[in-house]
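Below is one structure, written out as structure tokens; the observations come after it.
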Amino acid sequence: MIEVSNLSYAAGDTRILHDVSTRIEKGGITALIGPNGAGKSTLLHCLSGLETPSAGSVRIDGIDPLAVRPEERARVVALLQQSPVLVSRLSVRDLVSFGRWPHHQGRPKAEDRDMVERALTAFSLTDLAERTIATLSGGQRQRAFIAMTWAQDTPWMLLDEPLNALDPRHARDLMARLHGLSRDGARSIVIVLHDINAAAGWADHIVAMKDGRIVAQDTSHELLTEPTLREVFDTPFELLEHRGRKVVVAR
Amino acid sequence: MAERRVLFLGLGLLMICAGFLAWQIRAPYGFILELRAAKLGALVCVGAATGAATVLFQTVAGNRLLTPGLVGFDALFVLLQTLLVVALGGVGAAQIPGGLRFLMELVALAVCSAALFGLLLRRDARDITKMILTGVILGVLLRGLAEMVQRMMDPSEFAVVQQAIFASFGNVDNGQLAVSAMVLLASLAAALRMAPALDVAGLGRETARGLGLNHDRVVMMALLLMAAMVSVSTALVGPITFLGLLTASLARRLTNTHRHAVLLPAAALIGALILVAGQFVFERLMGAQSALAVIVEFFGGLLFLALVLQKKARR
């Protein structure tokens with residue numbers, strides 16, 4: 001479980017998170033939604049231990065990510081950045097192999113190579129394994145970076161807007177893949193999403209944020225109501241049902 | 001494949017070194033061999049140090065167009081040489097034993113660069129761009145200071161400074177070589193030891209930290225090793241701004257890999273190969289003296305322009 005207690009974060013004089021407290025249960029997919037500037041990515045970075053909050057604390061499965069060694073933290077929580085740096089001449093297999101760094105520190109063993117192969121298979125990258133990252137399409141590249149995060153083999157995966165630059169088909173495929181991979185209970189995924197319908201379709205829980213605060217948190221079915229969405233996004237919505245799923249349309 | 005190319009580079013360097021030493025050698029063999037070996041040692045040290053240092057710098061800077069010269073190393077060297085001549089006079093500066101003068105320059109360059117990086121990294125570790133810009137501005141300041149002092153100098157003393165600051169492989173002191181070689185070998189060994197960490201650092205600060213790398217420590221270590229290598233090269237023969245760019249670009253193209261365990265030795269070997277082969281062609285085959293540095297700068301400068309125009313400042 002992730003426990004966040006009275007978390008505040010400021011960048012210079014600007015306060016981005018205000019006294020945030022929440023619990024994220026293990027298992028499945030939890031989506032962070034909210035308008036631009038709500039503090040979703042900042043909260044995700046604080047959860048990962050890569051940002052130091054100005055006040056409050058984070059515990060991931062009882063561990064303070066700021067108090068442990070970097071490689072130890074990276075064996076508990078993996079973070080996919082919004083815009084990772086592209087290194088030319090880096091093959092997909094090499095990129096995914098970097099996910100094992102916290103485990104081998106530069107001396108890979110058989111189990112590391114096995115995990116890389118499993119990650120390549122899980123994200124349908126086997127055929128692209130020897131291609132360089134620079135030659136891939138946006139969707140393939142995103143899959144490769146998520147496979148790297150997956151290969152890190154952490155109980156918690158934090159993904160910052162992984163659907164950016166993906167067309168609807170690739171976005172659906174990626175969410176379906178993540179949904180399938182999170183079903184075994186071994187991995188818990190916390191994901192920042194701008195697409196409310198992706199959250200409605202694939203997330204088990206939703207945390208809605210606005211102005212650096214958590215406005216609502218519940219199962220996706222319970223949280224996605226017109227009054228809640230109107231409060232979060234300051235705009236009216238229409239909610240429809242399609243094959244048992246909620247579909248959200250901004251009016 | 002990439003490893004095999006590094007092996008071929010090593011073999012090529014050995015062959016060209018043998019040719020450099022033995023080509024049209026006449027009696028007295030011992031004396032001529034000693035002269036040639038000293039020059040060869042300097043060429044290999046400078047080429048290897050410049051190549052490896054540039055790869056290190058480009059990795060931590062995250063940019064394939066930057067070279068250590070941009071953080072003001074050559075400018076600092078020129079200022080040190082100028083101040084030395086001002087303080088001791090032309091004759092006095094020339095009388096300092098070569099080994100001692102080299103050690104002084106080495107320590108001064110390493111201390112100044114470590115102080116610069118330490119100060120900037122302590123203030124804002126993540127802002128490599130800020131550090132580089134500060135380095136460029138510092139380079140301009142140091143160059144301006146050196147020029148100002150040079151304008152106030154006696155013409156004969158200015159001639160002494162000019163001789164010291166213009167890259168030349170013809171006036172290397174034998175006493176400097178042992179120290180340079182030891183510093184270079186130790187720095188290269190340390191850089192190779194941290195090669196896997198440098199690979200991760202090449203992914204960018206945020207991704208590398210996410211993977212559990214102590215990125216700031218790796219960057220600081222890489223910058224200190226780079227400072228030691230550039231100090232070796234600059235203090236030995238003077239500034240050669242574009243050799244590093246030429247070497248690092250060729251190493252990346254030839255090995256086609258991101259792995260520093262391959263890139264660092266490849267860049268070191270290519271740097272040495274360019275200088276030894278170039279000097280061999282100019283000195284032995286064409287009978288031209290002191291032309292190599294100018295040619296290397298010319299082609300390095302052309303490559304820089306080509307890279308800028310092709311917008312290949314990618315990772």
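For segment B:1-116, the fraction of C-alpha pairs farther apart than 20 angstrom is 62 percent.
Taking Lys and Arg as +1 and Asp and Glu as -1, the other residues whose beta-carbon sits under 14 Å from that of B:Phe280 total +2. Among the trypsin sites (Lys or Arg not before Pro) in segment A:18-80, those located in a DSSP loop and surrounded by at most 15 other Cβ atoms within 10 Å of their own Cβ are A:Lys26.
Against chain A, whose longest principal axis is taken from its Cα atoms, helix A:110-122 shows a tilt of about 50°.
Modelled label positions at A:Arg169 and A:Thr22, each set 7 Å beyond Cα in the direction of Cβ, lie 3.3 nm from each other.
Multiplying each eigenvalue of the alpha-carbon gyration tensor of the protein assembly as shown by 5 and taking the square root yields semi-axes of 55, 26, 19 Å, largest first, rounded to whole angstroms. Inter-chain neighbour count for A:89-100: the average number of beta-carbon atoms from partner chains within 10 Å of each residue's beta-carbon is 3. Of all DSSP beta bridges confined to segment A:101-251, the antiparallel ones make up roughly 70%.
Once C-alpha pairs closer than 8 Å and six or more residues apart are averaged by separation and normalised to the residue number of segment B:2-314, the relative contact order reads 37 percent. For the protein assembly as shown, DSSP calls about 60 percent of its internal beta bridges antiparallel. Peptide A:77-85 is shielded by partner chain Cβ atoms: per residue, an average of 4 of them sit within 10 Å of its Cβ. When the Gaussian network model of chain B links Cα atoms closer than 10 Å, the mean-square fluctuations of B:Ile240, B:Ile96, B:Ile137 top out at B:Ile96. Remark: spin-label model distance B:Ala186-B:Arg151 equals 4.1 nm, labels positioned 7 Å along the Cα→Cβ axis. Going by a ≥ b ≥ c, the root eigenvalues of the Cα gyration tensor, does segment A:110-149 fall in the rounded group (a/c under 1.5), the prolate group (a/b larger than b/c) or the oblate group? Prolate is the answer for segment A:110-149, as a/c is 1.5 or above and a/b outweighs b/c. For the peptides A:171-180, B:26-35, the ranking by packing is A:171-180, B:26-35, with the highest mean count of neighbouring Cβ atoms within 10 Å listed first.
For chain B, the alpha-carbon coordinates run over 60, 48, 36 Å along the three principal axes, in decreasing order.
Inter-chain Cβ neighbour count for B:210-221, averaged per residue, equals 5 (cutoff 10 Å, partner chain atoms only). The B:Ala87 and B:Asn174 beta-carbon pair, evaluated with R₀ = 30 Å, returns a calculated FRET efficiency of approximately 0.75.
In this view, the solvent-accessible surface of B:Cys112, computed with a 1.4 Å probe and all protein chains in place, comes to about 60 Å². List the chymotrypsin sites (Phe, Trp or Tyr not before Pro) within segment B:140-240 that fall in a DSSP loop (any state other than H, G, I, E or B) and whose Cβ has at most 16 other Cβ atoms within 10 Å. Passing both the DSSP loop test and the Cβ count: B:Phe166.
Taking the longest Cα principal axis of chain A as reference, the axis of helix A:168-181 is set at about 80 degrees. Modelled label positions at A:Glu111 and B:Ala2, each set 7 Å beyond Cα in the direction of Cβ, lie 2.7 nm from each other. The rule of thumb for compact globular proteins, 2.2 N^0.38 Å, goes into the C-alpha radius of gyration of segment A:42-192 1.02 times. Between chain B and chain A, roughly 2000 Å² of accessible surface gets buried, counting both sides and using a 1.4 Å probe. Residues within the reach of a label modelled at A:Arg183 (point 7 angstrom out along Cα to beta-carbon, backbone nitrogen below 13 Å), restricted to segment A:6-26: there are none. Of the residues A:Met157, A:Met209, A:Met115, the one that moves most in a GNM of chain A with alpha-carbon contacts below 10 Å is A:Met115.
Using only Cα coordinates, the Kirkwood hydrodynamic radius of segment B:192-289 works out to 15.2 Å. Straight-line cross-link reach from A:Lys210 at under 14 Å between alpha-carbon atoms covers these aspartates and glutamates, not counting any fewer than eight positions away in the same chain: A:Asp19, A:Glu231, A:Asp234. Computed from the C-beta positions of A:Asn6 and A:Arg243, the FRET efficiency with R₀ = 51 Å rounds to 0.80. Between A:Gly12, A:Gly185, A:Gly201, the GNM of chain A built on Cα springs shorter than 10 angstrom shows A:Gly12 fluctuating the most.
Applying 1/(1 + (r/R0)^6) with R0 = 35 Å to the Cβ-Cβ distance of A:Arg131 and A:Arg69, what FRET efficiency is obtained, to the nearest 0.05? Plugging the Cβ-Cβ distance into 1/(1 + (r/R0)^6) gives 0.55.
The values are calculated or read from the model by the stated rules, or taken from the named source; none is laboratory data. Remember, predicted model here, so these are calculated numbers, not experimental data. Every residue, glycine among them, receives a Cβ derived from its backbone with ideal geometry; neighbour counts consider all protein chains shown. In case anyone asks, the SASA skips ligands and DNA or RNA and just uses the protein heavy atoms, side chains included. Shrake-Rupley method; radii C 1.70, N 1.55, O 1.52, S 1.80 Å.
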